[in-house]
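Contents: one structure, followed by commentary.
Each value in this text was obtained by applying a stated rule to the coordinates, not by laboratory testing. Model, not experiment: these values are computed from the prediction. FYI the Cβ positions are ideal-geometry reconstructions off the backbone, even for glycines, and counts take in every protein chain you see.
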Amino acid sequence: MRCSCNTILNTYLLIYIYNMHKSFFYQLFLLLLLLSSCASHKHMADNVTYSTDYDGIDVSRHNGVIDWKAVRRYNKHIKYVYVKATEGTGHTDRRYIENAREAHRNGFKVGIYHYFTSRSSAHEQFDWFRSQANLTYQDLAPIVDVEDFKGWQSKQQLQDSLMMFTRLVKKHYNKLPIIYTHQNFYNTYLSPRFNRHYLFIAAYRRKAPVINGAKYDLWQFTDAGRVKGIKGSVDLSRMSDAMSLKKLLLP
């Protein structure tokens, strides 16, 4: 919420006229107090603490229009950028091409991700993903984002469908996709069947994710990061000690 100094001053003048019997010094004190509050509020709004100690970001239409030149200029340490491309069948993120093209143009290694749902088959979703994916702006192995059990009849059905999607990606790209999900979701619904895949685990805390029988490769440690060039919050992630950018590159 922004502070309107004009509104405050107008309100003060009305109060002053109405309360002419009040002392002059009391009114002056009130004016100084209001102006001080306004200035303080403006200072807090402009005072943003930007994030450090991360390796990459992932973005979608929810991040609005991104100034990729500024992201490059002020964040030299970013090693990778993942951009949402598709969801289910029939849905393409409206900023997918813009984000992938501009991030790539500004020198970032770019990957894209598909949000996996229960509303259509693995084959249908892969066909849609493949039809929308632009390899010109794609340097990294794709990600399949699976984080919602709604609509699945069983854990087995979810796992079978996801496994089929990963095999189709492997056949097309000659590289398995990275599986993104939250720590609890993975341990509940996907472990141990996908333990040999690259795992991108979300766990918003200071301690690294704990995976049953496996180790994470990428860790999304916050959804409230701040990066110059992006308005508002953004997802930030780190690579594990065993992971490298080379391992993420498409062949």
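If you plug the beta carbon distance of Phe185 and Leu135 into 1/(1 + (r/R0)^6) with R0 = 30 Å, you get a FRET efficiency near 0.50. With 0.36 nm allotted per residue and the present C-alpha distance subtracted, the Ala208-Ala224 stretch has 4.1 nm of extension available.
Candidates Gly225, Asn212, Ser240 compared by Cα position along the dipole of the stretch 132-251: farthest toward the positive end lies Ser240, with charges placed on Cβ. For the stretch 203-216, the Karplus equation 6.51 cos²θ - 1.76 cosθ + 1.60, evaluated at θ = phi - 60°, returns couplings of 8, 8, 6, 7, 8, 5, x, 10, 10, 5, x, 8, 10, 6 Hz by residue, with Gly and Pro reported as x. Using a simple spin-label model with pseudo-atoms 7 Å out from Cα toward Cβ, His62 and Ser118 lie 2.0 nm apart. For the stretch 56-248, the normalised intensity computed at q = 0.11 Å⁻¹ comes to -0.46 (log10 of I(q)/I(0), Debye sum over alpha carbons, equal scatterers, no solvent).
Please state, as a whole number in µm²/s, the translational diffusion coefficient that the Stokes-Einstein equation yields for the stretch 186-235 at 4 °C and 1.567 mPa s, with Rh defined as the Kirkwood radius across alpha carbon pairs.
On the way: Rh = 12.2 Å.
The calculation lands on 106 µm²/s.
With neighbours defined as other Cβ atoms within 10 Å of a residue's Cβ, the residues Leu248, Leu176 order from fewest to most as Leu176, Leu248. In this structure, Asn195 and Arg105 have a Cβ-Cβ separation that, at R0 = 41 Å, corresponds to a calculated FRET efficiency of about 0.65.
For the stretch 77-181, the convex hull drawn through the C-alpha positions has a volume of 95 cubic angstrom per residue.
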